[in-house]
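Input: a single structure, listed below in structure tokens.
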Amino acid sequence: METLVTHHGIARIEGDELAVVDLPYPDLSALLADGGSLADVDKAAVIRRLPKADLDAVAAAPLALATTSVWGVGLNYHGKAALTGRAVPTSPILFLKPSSALTTHGAPLPIPAGLTEQFDYEAEVGVVLGRALVDARPEDVWDAVAGIIAANDTTARDVMKATGTPTLAKGFPGCAPFGPTVLPLAEVTDPNAIPVASSVDGEQRQDSTTADLIFDVPDLLARLSRYVRLEPGDVVLTGSPPGTGQDRGDYLRPGQRVTITVGGLVPLVNTIA
């Protein structure tokens, strides 16, 4: 079942309730770093119950945003490559996001004043590591994955064009939100075809699945692990399907509400500040 962190502790969603459990960790990163798994949340005793309707008010960052490494990949959907007319990459276009960019469900997303007029949304499936991964084979990757999380990999398209540097275009403070919950991999219906979608002010913009990935999750993480050590609690973003503001020529404006839906997770919702 979906796992989250509340101001009262780690919890799981049980029907219409948030069941806060008896685990001595401040967040899921600490649990995973200590050798635990999301299954420990399902087995732990319940110490408090809250209405699920209170989720927005009580949810905290599920992962340790200050220390979590977040890797992203550009142009990783066949549909996106076809729409833009760009060649399909022969190797992943990888980048590392600064921890200062990470933020939470419900947080306002500030458009960097004077730096961009093309602030864009990107719905993405985030893969949360459950154990360390280094120089891995693709067939070993899924065993190292704890679960999935919704992410919005916002991008200043004009900054990307001007600098050619994804980290600058995607690294503004507080502009990269994660969803409030993590879904254990064992409960993902089809890990090779995870639904991902976005809407802006209720209008659907993106709608695809990870079946359209150019580099699927095992291939992507195996390639990345040749160069870096992925630690428990780290997140690898898997790319964004077509339908972004860049594709539509319609970028985000203050006051707009962006919703990212991934698999069976609670949607990630943020308002542009």
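What follows is calculated from the coordinates using simple rules that are stated; it is not laboratory data. What you see is a predicted model, and the numbers here were worked out from it, not measured in a lab. Every residue, glycine among them, receives a Cβ derived from its backbone with ideal geometry; neighbour counts consider all protein chains shown.
Computed from backbone phi, the HN-Hα couplings of the stretch 115-132 come to 10, 8, 10, 9, 7, 10, 9, 8, 6, 9, 8, x, 9, 9, 6, x, 8, 4 Hz, rounded to whole numbers (Karplus: 6.51 cos²θ - 1.76 cosθ + 1.60, θ = phi - 60°; Gly and Pro given as x).
Taking a point 7 Å out from the Cα of S69 in the direction of its Cβ, the residues of the stretch 206-232 whose backbone N falls within less than 14 Å of it are 221-232. Summing Lys, Arg as +1 and Asp, Glu as -1, what charge do residues with Cβ under 10 Å from the Cβ of P242 carry, P242 excluded? Result for the neighbourhood of P242: 0.
If the segment from K52 to E117 were pulled out straight at 0.36 nm per residue, it would be longer than the present Cα-Cα gap by 19.7 nm.
Divide the volume of the convex hull of the Cα atoms of the chain by its number of residues and quote the answer in cubic angstrom per residue.
Working: hull volume 31.7 nm³, N = 273.
Output value, Cα hull per residue: 116 Å³.
State the dimensionless ratio Rg/Rh of the stretch 3-60 (Rg: radius of gyration of Cα atoms; Rh: Kirkwood radius).
Ratio of gyration radius to Kirkwood radius: 0.94.
Test of the criteria: in the stretch 174-260, which chymotrypsin sites (Phe, Trp or Tyr not before Pro) are in a DSSP loop and have at most 12 other Cβ atoms within 10 angstrom of their Cβ?
On the way: sites: F178, F215, Y227, Y251; in loops: F215, Y227, Y251.
Qualifying residues, ordered by number: Y227.
Placing R0 at 25 angstrom, the Cβ-Cβ distance between E187 and L96 gives a FRET efficiency of 0.30 after rounding to 0.05.
Close lysine pairs were tallied over the chain: pairs 8 or more places apart or on different chains with Cα atoms under 30 Å apart number 7. Distance between the 7 Å Cα→Cβ label points at K161 and D250: 1.9 nm.
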